[in-house]
Amino acid sequence: MAIDWGTNVFTSDPTLLERGEDAEYERAADALRQLADPLRLRLLHALVLGEDTPQHAAVWSDVSQPVAERELAAMALAGIVERRESPRGPCYVPRDGHHVVELYTALMHGHEGIAERHPRMLTRRRLGRARRAG
């Protein structure tokens, strides 16, 4: 799956900068809960990297094949991935780029530590305060 790194989520949909309806926050929390499992994150990561069969995803993720098959089937039912039949058997691919962005955001927090702040966000906040004070 190719990612368009040039897309900025906030400028592609400026309504994301406005407060949404309560139902939108509920749906967003549900979407995060669907991936809030280390095994599912590893399997989705395997799929993003091209390990599209349950066998290959299992080996890459270091889980047994029956566990990978069960979780991938559950992820397909939840709408996170799509199951496709191929001559090699069932293959799975991420359903859409939103899940891939969630994966990489979670991985960045896992790599850097969730408590660390992103420097660009700190810069924006300082500039905002400086403008209001001036």
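Being of a type in the set (A, V, I, L, M) and assigned to a helix (DSSP H, G or I) is the filter here; which residues of segment 65-92 pass it? Break it down into steps so the answer makes sense when it comes.
Narrowing segment 65-92 to residues of a type in the set (A, V, I, L, M): 67-68, 72-78, 80-81.
Selection gives 67, 68, 72, 73, 74, 75, 76, 77.
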Q.
Suppose the filter is closer than 28 Å to residue 52 by Cα, of a type in the set (D, E, K, R), out of contact with any strand residue (DSSP E or B) (no Cβ under 8 Å at 6 or more places or on another chain) and modelled with pLDDT of 80 or more; does residue 71 pass it?
A. yes
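Against the definition (assigned to a helix (DSSP H, G or I), surrounded by 16 or more Cβ atoms within 10 Å (Cβ to Cβ) and at pLDDT below 95), how does residue 103 come out, yes or no?
yes
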Q) What is the number of the single condition among (1) touching a residue at least 40 places away in the same chain (Cβ under 8 Å); (2) touching a strand residue (DSSP E or B) at 6+ places or on another chain (Cβ under 6 Å); (3) in a helix (DSSP H, G or I) that residue 52 does not meet? A) (3)
Q) Applying the selection to segment 1-42, what residues are charged (D, E, K, R), modelled with pLDDT of 85 or more and outside any helix (DSSP H, G or I)? A) 19, 21, 37
Q: Being surrounded by fewer than 19 Cβ atoms within 10 Å (Cβ to Cβ), closer than 15 Å to residue 92 by Cα and among the aliphatic types (A, V, I, L, M) narrows it down to one of 74, 46, 58, 68, so name that one.
A: 74
Q.
What pairs come out if I take residues in segment 13-37 that are touching a residue at least 24 places away in the same chain (Cβ under 8 Å) and surrounded by 11 or more Cβ atoms within 10 Å (Cβ to Cβ) and pair them with residues that are of a type outside the set (A, V, I, L, M, F, W, C) and not in a helix (DSSP H, G or I) whose C-beta lies under 9 Å away, six or more apart or interchain?
A. 34/79
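The values are calculated or read from the model by the stated rules, or taken from the named source; none is laboratory data. From a predicted model like this one, the values you see are computed outputs, not experimental measurements. No Cβ is skipped: glycine too gets one built from the backbone with ideal geometry, and neighbour counts run over all protein chains shown.
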